[in-house]
Amino acid sequence: MSEEKTILEILENERNVAVVGLSDKSDRDSYRVAKYLQENGFKIIPVNPAFKEWNGLRAYPSVSDAARENRIDVVDIFRKSEAVPEIVRDAITARPKTVWMQIGVRSDEGKRIAEENGIKVIMDRCMMEEHRKHRVGVA
C-alpha cells in the first residue's frame, strides 16, 4: 500500500491519538495539532510528564501509563528524533496500530522497532496537515 493510502486509512479509522510531547502552551505546534485533531473527532490522550492535565484531559507521563486506561491507535510524536526509539519501545505494550512522527522527526531505529512489532510508521509528516489535505470526515 502506498504511503498516501496508508495515511488515508489511518485518518479514517484510527481515532485514539496519544500525543507524546504535547505542550500546554497554545503557541506550540503540538498544542495546535492536538487541538485541531480534537475538534475534528479524534480522542486526544496527552502524554507529557511535566503536567497532570491538558485542556481538561488527564495527562500521562508515558504511553505505557496512558495505555492502562485508554485504547491507543496512534502514537503521535512531538519529540526530538533521538528520543523516538525509547518512546516506541515504551509504546509497544500499548499495541498501537501506528507510530506517527511529526514534521522534522525521523528515526530509522524507531521505525525498525515499530515495524518489527507489526506497527505502521509515518515519519516527517503532520497529522493535521494530512487531515486537512485529505478532508477526512469533512462534509
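In the condition set (1) touching a strand residue (DSSP E or B) at 6+ places or on another chain (Cβ under 7 Å); (2) farther than 14 Å from Asn70 by Cβ, Val47 is compliant with all but (2). Scanning the range 70-91 for residues that are surrounded by fewer than 19 Cβ atoms within 10 Å (Cβ to Cβ) and farther than 11 Å from Ala18 by Cβ gives Arg79, Lys80, Ser81, Glu82, Ala83, Pro85, Glu86, Arg89. Say we look at the range 51-62 and pick out the residues that are assigned to a strand (DSSP E or B) and not basic (Lys, Arg); which of these is farthest from Asp24 (Cα to Cα)? Once the filter is applied, the top-ranked residue is Tyr60.
Taking the conditions (1) among the hydrophobic types (A, V, I, L, M, F, W, C); (2) surrounded by fewer than 20 Cβ atoms within 10 Å (Cβ to Cβ); (3) more than 20 Å from Asp124 (Cα to Cα) in turn, Met1 satisfies each one other than (3). Within the range 1-38, the residues that satisfy the criterion of being touching a helix residue (DSSP H, G or I) at 6+ places or on another chain (Cβ under 8 Å), hydrophobic (A, V, I, L, M, F, W, C) and without any contact (Cβ under 8 Å) to a residue 60 or more places away in the chain are Met1, Val19, Leu22. A single entry from Val75, Val121 fulfils the requirement of being under 23 Å from Glu9 (Cα atoms), part of a strand (DSSP E or B), free of Cβ contacts under 8 Å to residues at least 24 places away in the same chain and within 12 Å of the chain's Cα centre (by Cα): Val121.
This table checks each residue for (1) loosely packed, with under 14 Cβ neighbours inside 10 Å; (2) touching a Gly at 6+ places or on another chain (Cβ under 6 Å); (3) over 22 Å from Arg89 (Cα atoms).
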residue	(1), (2), (3)
Glu12	yes, no, yes
Val19	no, no, no
Asp24	no, no, yes
Arg28	no, no, yes
Gln38	no, no, yes
Lys43	no, no, yes
Trp54	no, no, yes
Ser64	no, no, no
Ala67	no, no, no
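Yes or no, residue by residue, for (1) under 14 Å from Cys126 (Cα atoms); (2) within 13 Å of the chain's Cα centre (by Cα); (3) part of a loop (DSSP other than H, G, I, E, B):
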position: Glu9; (1), (2), (3): no, no, no
position: Val33; (1), (2), (3): yes, yes, no
position: Ser64; (1), (2), (3): no, no, no
position: Glu69; (1), (2), (3): no, no, yes
position: Arg79; (1), (2), (3): yes, yes, yes
position: Ile87; (1), (2), (3): no, yes, no
position: Thr93; (1), (2), (3): no, no, no
position: Ile113; (1), (2), (3): no, no, no
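Looking only at residues in the range 35-50 that are farther than 17 Å from Val84 by Cα and part of a loop (DSSP other than H, G, I, E, B), the one that is farthest from the chain's Cα centre (by Cα) is Ala50.
Bear in mind that the values in this text are calculations on the coordinates, not laboratory data. These numbers come from a predicted model, not from an experiment. FYI the Cβ positions are ideal-geometry reconstructions off the backbone, even for glycines, and counts take in every protein chain you see.
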